[in-house]
Amino acid sequence: MTAHSPYAALLEKIPIVRREISVLGSTTRYWVYGPEDAALTIVVAHGYRGEHHGLEPVIAQLPNIRWIGPDMPGFGESTPLTEVPHSIEGFAAWLTAFIDALGLTGTAVTLGHSFGTIISAQAVSAGLKTPALILVNPISTSGLEGPSRLATLITVAFYRLAGRLPSRIGAFMLKRWFVVQFMSSTLAKTKDRELRRWIHREHHTYFNRFASRDFVVEAFEASVSADVSTYAAGITVPTLLVAAELDDITPVKAHHDVVATMTDAKLELLLGVGHLIHYEVPHLAAAAIKSFLVERSLLSASAQLEEPR
């Protein structure tokens with residue numbers, strides 16, 4: 001399956017450096033995008049079974065920002081946690097410690113995507129110091145309350161079955177082509193065939209890069225154990241929710257409900273798109289992020305905003 005990335009040309013213009021650091025027992029590999037002397041740094045927490053490549057289409061369009069995109073523990077090139085469990089609290093403790101280890105506590109903006117929105121919300125509510133929080137495709141309520149409740153129940157049953165079977169068989173189930181393809185086909189809403197082909201390629205390339213069957217099942221249980229609403233009341237920093245009208249996981253009303261419980265939150269609802277904002281309309285996400293940061297005096301209004309040619 002081949003498809004050209006619509007964002008490759010923009011990424012080629014941005015300096016990218018791979019680094020690693022040990023945090024809570026995880027050898028965490030991370031990538032630094034953009035100028036080292038940028039006025040603003042954003043640290044990214046990616047989605048479940050994703051890794052650092054996922055947010056690159058958004059990163060590519062905001063080249064004046066310094067982005068730090070780690071593979072979260074157990075995903076991509078990072079090893080699992082050994083000092084805390086792979087729970088929401090464990091991942092949040094890692095995120096807090098990771099940001100602190102890089103000397104960015106209190107200065108770096110925190111951005112979560114999908115599963116990462118739950119982790120970053122928990123971290124901020126528990127005391128992570130950040131000037132602002134950005135949640136892209138936030139999981140604002142339990143998937144069991146979302147538009148695709150039956151699909152969520154089936155997914156939960158599938159992962160739990162994979163977790164009970166012998167490890168080799170469970171891993172075999174989780175990594176099957178049709179499992180990844182079903183997920184990708186369900187979440188993609190664009191009618192652009194070339195873009196859909198590229199989205200499917202991205203998922204098939206990166207979705208199975210996890211440490212083990214036991215790890216990915218443990219992380220899945222964490223992903224359905226809480227949502228952003230669990231922690232919303234404890235979030236007092238300026239917060240932007242970039243949500244999707246057609247998200248199969250979270251209904252629009254849940255985003256409005258979460259915003260209402262936060263001290264200082266804004267909802268940017270993107271129409272005609274679902275749970276893959278970062279792939280289908282990253283230019284709209286980037287524009288919303290830039291506007292929010294400028295409004296909060298965290299970014300200059302003259303900061304460059306790129307778009308695919």
Practice item. Could you name every one of the helices (runs of 4 or more DSSP H) located completely within the range 179-298 that has at least 3 residues being closer than 23 Å to A92 by Cβ and in contact with a Gly (Cβ under 7 Å, 6 or more places away or on another chain)? Key: 213-223
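Criterion first (out of contact with any helix residue (DSSP H, G or I) (no Cβ under 6 Å at 6 or more places or on another chain), assigned to a loop (DSSP other than H, G, I, E, B) and more than 24 Å from A303 (Cα to Cα)) does S22 satisfy it?
On the way: out of contact with any helix residue (DSSP H, G or I) (no Cβ under 6 Å at 6 or more places or on another chain): yes; assigned to a loop (DSSP other than H, G, I, E, B): no; more than 24 Å from A303 (Cα to Cα): yes.
Taking the combined requirement at face value, the residue does not satisfy it.
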**Study point:** Filtered residues of the range 100-110 (kept if in contact (Cβ under 8 Å) with a residue 12 or more places away in the chain and surrounded by fewer than 24 Cβ atoms within 10 Å (Cβ to Cβ))
**Key:** A101, L102, L104, T105, G106, T107, A108
Practice item. Please enumerate the residues belonging to the range 20-57 that are surrounded by fewer than 21 Cβ atoms within 10 Å (Cβ to Cβ), of a type in the set (S, T, N, Q) and more than 23 Å from Y279 (Cα to Cα). Key: S22, T27
Review point. If you scan the range 136-162, which residues turn out to be in a loop (DSSP other than H, G, I, E, B) and either modelled with pLDDT under 80 or touching a strand residue (DSSP E or B) at 6+ places or on another chain (Cβ under 7 Å) (or both)?
Key: N137, P138, G146, P147, S148
Practice item. Take Y279 and decide whether it is of a type in the set (F, W, Y), at pLDDT 95 or above and either over 21 Å from H52 (Cα atoms) or in contact with a Leu (Cβ under 6 Å, 6 or more places away or on another chain) (or both). Key: no
Revision key, fill the gap. A careful count of residues in the range 162-175 that are under 23 Å from the mean Cα position of the chain (by Cα) and exposed (fewer than 13 other Cβ atoms within 10 Å of the Cβ) gives 0
Review point. Is the range 229-238 home to any residue that is under 28 Å from E77 (Cα atoms) and surrounded by fewer than 24 Cβ atoms within 10 Å (Cβ to Cβ)?
Key: no
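Listed here are the residues, each with its yes/no results for (1) touching a helix residue (DSSP H, G or I) at 6+ places or on another chain (Cβ under 8 Å); (2) at pLDDT 95 or above.
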position: W31; (1), (2): yes, yes
position: E36; (1), (2): no, no
position: H46; (1), (2): yes, yes
position: H52; (1), (2): no, yes
position: L55; (1), (2): yes, yes
position: W67; (1), (2): yes, yes
Revision key, fill the gap. Of (1) surrounded by fewer than 19 Cβ atoms within 10 Å (Cβ to Cβ); (2) in contact (Cβ under 8 Å) with a residue 24 or more places away in the chain; (3) touching a strand residue (DSSP E or B) at 6+ places or on another chain (Cβ under 9 Å), V17 satisfies every one except (2)
Check your understanding: Is it the case that some residue within the range 176-184 is of a type in the set (D, E, K, R) and either closer than 26 Å to S142 by Cβ or surrounded by fewer than 15 Cβ atoms within 10 Å (Cβ to Cβ) (or both)?
Key -> yes
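The values are calculated or read from the model by the stated rules, or taken from the named source; none is laboratory data. Keep in mind the model is a prediction, meaning the values are calculated, not measured. Note: ideal-geometry Cβ built from the backbone for every residue, glycine included; neighbour counts use all protein chains shown.
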